[in-house]
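All of the numbers you see were taken from the coordinates with simple rules; none came from a lab. In this text, all values refer to a predicted model and were calculated from it rather than measured experimentally. All Cβ positions, even for glycine, are placed from backbone atoms using ideal geometry, and neighbour counts span all protein chains on display.
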Amino acid sequence: MPKRSSFKRWDPLNGEWVIIAPATAVRPWSGILVSNTKNELPEFDPGCYLCPGVKRASGEINPDYTDIYVFENDFPSFSMSYTVDDEKKTHPLDESANGICRVVCFSKKHNITLAEMTHEGILKVICAFRDQFNELSSIPDINNVMIFENKGKVIGVSNPHPHGQIYATDFVPRTLLTRYSQARKFMDKKGICLFCSIIEEEIANGSRIVCQNEHFVAFVPYFAHYAYEILLMPKRHVPTINELDEYELDSLACIYREILIRYDNLFRMSFPNITIFNNAPCTEEFTPEPFHFHIDFCPPLRNRDKLKYMAGFETGGGNIINPSLPDESAESLRTVPAIHYTKEAS
C-alpha cells in the first residue's frame, strides 16, 4: 500500500496548525472498538428524569410538555448564586463560577433523535435556542451564551432523551475568545470578515461542500480537526442567531436536519456528535461586528468503529492530528442519501 504524506494546515479560526495525516488511518489497531448496536428505547421511560411528568432528583416534577421544555439544570456547573467566601478559599485566586445552566428537551419522546424529527420539530428547537439566547444575553452579568448538544454514549452522555444544554457564563470561554480575537485581527487588517472569506473560498473550491441552500452552507473545513467535522454558516454576515430572519431560520432547520441525516446514513447508525452554536460574546467589551454566527459539528468517530483519541502529542502539544483528508470526508458525507436510513427501511 503506497504511503500518503502528512502535511500541516493553518487553522485561521483558532490560530494554530492542524496536522492532516491520512497515513495514520491505516495503522494496525488492537484497541477499543465502538459498538454500533442500537438499543430499542421506549417512547416514555418513567426512570428518565427528562421525560414528561417524571420527578427529577431535585424533587421538581416535569410538566406534561408536548414538544420543547426548558428548565434550570439541577446540578449546574455555573450558578448566579455561587459564592466563594474568603474562609472557604483553597487558593487566593479562587473566584465563584457564576452563570446559568439550562437543559432544553427537544421532544416528549424518549426514543427519538433530532435526525428523526420533522423539519417543523427542528425549527421549534432552533427557535427555542434563539429565544434562550435573547433572554440570557440580556442579563448584565452574562458575557457569553454557549448552546450545545452532546449526543451518544461514547461522548459520555448518560441520558439518551433528546436534549441540549446552555451554559451562560460571566466570562468568554477560551475557544470563543480565540476565534473572536482572530476575527478581530483579520477585520482590522483586511477590512472584511474572516468567516465570510472562508465561506467564499470553500464555495469557490467546492470539493469540501457537503450541502448548501439559499441561506446556509455546510462544509468540512480544509483545516478540520475531526475526520467528519462540519462547519455550518449563514451566507449572510450575522454575529448571533437572533439576527437571522424567519426565512433564514427555516433554511437553517432544513440544512441542519439534512446534515444530521447524512451523518446517520454514513455508517447506518445514530451518529455520536458534539454540536456547538457559536454566537458573538454578549458583553460591551467585544463589539459583535467581526464575529460570524456558526455551528460546529464535532463527531468523535474516525471511522465506523474507532474513536479519535487525543493522545500524547495532541494533549501535550495542543495541535490536532486529523487522520482523514477533509476533501474525502466531505465527499463521503455529500454522497450518502439525505433520507434517514430508518425511514428507508420502513
So what's Rg/Rh here for segment 167-232, counting alpha carbon atoms and using the Kirkwood radius for Rh? 1.02
Distance in nm between pseudo-label sites at GLU43 and TYR65 (7 Å out along the Cβ direction from Cα): 1.9
Hey, can you grab everything whose amide H is under 5 Å from the amide H of ASN322? Only 5+ residues off in sequence or another chain; H modelled, so Pro and N-termini drop out. ILE19, ILE20, ALA21
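Go ahead and run the numbers for FRET between GLU16 and GLU331, Cβ-Cβ distance against an R0 of 25 Å, rounding to 0.05. Present the calculation step by step, with values, prior to reporting the outcome.
On the way: r = 26 Å, r/R0 = 1.02.
According to the calculation, E is roughly 0.45.
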Please give the charge dipole size of the chain, origin at the Cα centre, charges +1 on K and R Cβ atoms and -1 on D and E Cβ atoms. Round to the nearest 20 debye. 1620
Pull up all non-local amide H partners of PHE216: gap of 5 or more, or a different chain, and H-to-H distance under 5 Å with H placed in the peptide plane. LYS235
For all pairs of alpha-carbon atoms in segment 7-345, what percent lies in each bin of width 20 Å, listed from the first bin to the last filled one? 28, 60, 12, 0
What spacing in nm lies between the two simple spin-label points modelled at GLU135 and LYS8, each 7 Å away from Cα in the Cβ direction? 4.6
Could you put HIS215, HIS119 in order, starting from the residue whose Cβ has the fewest other Cβ atoms within 10 Å? HIS119, HIS215
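Would you kindly state how much longer the chain becomes between SER181 and ALA204 on full extension, computed as 0.36 nm times their sequence separation minus their alpha carbon distance, in nm to one decimal? List each step's numbers first, then the result.
Numbers: separation 23, 0.36 × 23 = 8.28 nm, distance 2.58 nm.
Fully extending the segment from SER181 to ALA204 adds 5.7 nm.
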